[in-house]
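What follows is a single structure, written as structure tokens, with notes after it.
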Amino acid sequence: METYTCETAGADLVYDVRGPLPTADGRPPLLMIGQPMDAAGFAALAARFPERTVATYDPRGLGRSTRKDGRVDHTPQTQADDVHAVIEALGAGPVEMFASSGGAITALAVVAKYPGDVTTLVAHEPPLITLTPDGQAALRARAGVRDAYEKRGWGAGMAAFVAMTSWEGEFTDAYFAQPEADPAAFGMPTEDDGSRDDPLLSDRSWAVSSYRPDTDALAAAPTRVVIAVGEESEGVQTGRTSVATAELLGKPVTVFPSHHGGFCDGEFGYPGKPDEFAQRLRQVLAGAS
């Protein structure tokens, strides 16, 4: 693996390349992106594509990528420009892309703004919470996570986030009537370390989950767009947002093994099924539905 830095006006973007450029097999590089997940989160999945040239990157202000724009917020539009810069830095033409969570939202913005950059996009569980029928309630639930984080720190915020993302079905009065999630019950710290800059728990990434895809631009792009959902995500928020995104784009939803982090091993908590996930991704990139 080789590590490089792509310098832009607003950020120094660190990216990794596994395999040769130009690629050995003549296929486009496979770019894997997330948000707020950085390149480290794709190590297990990238390792399962030894036959491909795989690139990963750290979004600005996350992991090893530093910001020079004086901002702390995250937006799909800015990140789309960054991904475009990384693709240009690869110097290998359009890429195939696997994008997960907030990265899937960034990827939809990339295809809309830079339609020549991506040949096939597999957008895995984009958390576009305003697209679901209970979008306003989802916004209220999201604000509750931020409030718990602001009041009691990282453990409380993460416990609230887990409670929100594991809730099945729409956010009803029963959801909001629950007592505050106890971090100890989730094995999380109860003490407050004083930090309030977490991109997942603060409001710094609200522009990501509030984004609305440009359906006209996506329809006009030559990119094959696949909306993917984990088989274990049925009924919970990211499963419902995946279905809603597919419906908005007039596409079927493609089922993948495991859950929201199904491509990860046990390094990041609840392990997925990276072997099965990689095999499914390989099939979908080859044209399977």
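Please compute the net charge surrounding Asp134, taking Lys and Arg as +1 and Asp and Glu as -1 over other residues with Cβ under 13 Å from its Cβ.
Every neighbour counted, the sum reads 0.
Annotation: per residue accessible area for segment 133-210 equals 52 Å², rounded to a whole number [probe 1.4 Å, protein chains only]. Each part reduced to its alpha carbon centroid, segment 255-281 and segment 71-101 end up 23 Å apart. Considering every alpha-carbon pair of segment 133-210, the percent of pairs per 5 Å bin, from zero through the bin containing the longest distance, is 3, 17, 28, 25, 17, 8, 2, 0.
To put it simply, the accessible area of segment 231-289 at a 1.4 Å probe is 53 percent carbon and sulfur.
The residue among Ser209, Ala185, Phe161 whose Cα reaches farthest toward the positive pole of the charge dipole of segment 133-210, with charges on the beta-carbon of Lys, Arg, Asp and Glu, is Ser209. Taking Val208, Val162, Val14 in turn, the Gaussian network model of the chain (Cα-Cα springs below 10 Å) assigns the largest fluctuation to Val162. Charging the Cβ of each Asp and Glu at -1 and of each Lys and Arg at +1, and nothing else, the dipole of segment 133-210 about its Cα centre rounds to 180 debye. Of all lysines in the structure, not one has an alpha carbon short of 17 Å from that of Lys273, not counting any fewer than 8 places away in one chain.
Sorted from longest to shortest, the spans of the Cα atoms of the chain along the three principal axes equal 55, 39, 35 Å. Highest mobility in the GNM of the chain, judged by mean-square fluctuation with C-alpha springs under 10 Å and restricted to Ala163, Ala220, Ala104, is found for Ala220. The accessible surface of segment 133-210, taken with every protein chain in place and a 1.4 Å probe, is 53 percent carbon and sulfur. The relative contact order of the chain comes to 18 percent, based on Cα pairs under 8 Å that sit 6 or more residues apart.
So which residue, out of Asp16, Asp193, Asp214, gets the largest mean-square fluctuation from a GNM of the chain using Cα contacts under 10 Å as springs? Answer for the Gaussian network model of the chain: Asp193. Taking a ≥ b ≥ c as the square roots of the Cα gyration tensor eigenvalues, segment 222-289 comes out oblate, since a/c reaches at least 1.5 and a/b does not exceed b/c. The calculated FRET efficiency for the pair Asp216 and Ala288, based on their C-beta separation and a Förster distance of 25 Å, comes to about 0.35. Couplings for segment 115-130, taken from phi via the Karplus curve 6.51 cos²θ - 1.76 cosθ + 1.60 with θ = phi - 60°, read x, x, 7, 10, 7, 9, 10, 9, 9, 9, 6, x, x, 7, 5, 7 Hz in order; Gly and Pro are left as x.
FRET efficiency for Ala185 and Glu234, Cβ-Cβ distance as r, R0 = 25 Å, nearest 0.05? According to the calculation, E is roughly 0.55.
Quick one: plug the Kirkwood hydrodynamic radius of segment 66-163 (C-alpha pairs) into Stokes-Einstein at 37 °C, 0.692 mPa s, and report D in µm²/s.
The estimated diffusion coefficient comes to 213 µm²/s.
The reciprocal of the average 1/r between distinct C-alpha atoms defines the Kirkwood hydrodynamic radius, which for segment 1-127 equals 14.2 Å.
The values are calculated or read from the model by the stated rules, or taken from the named source; none is laboratory data. Quantities reported herein were computed from a predicted structural model and do not represent experimental measurements. Methodologically, a virtual Cβ is constructed for each residue, glycine included, from the backbone with ideal geometry; neighbour enumeration extends over all protein chains shown. All accessible areas refer to the heavy atoms of the entire protein, side chains included, with ligands and DNA or RNA removed. Shrake-Rupley method; radii C 1.70, N 1.55, O 1.52, S 1.80 Å.
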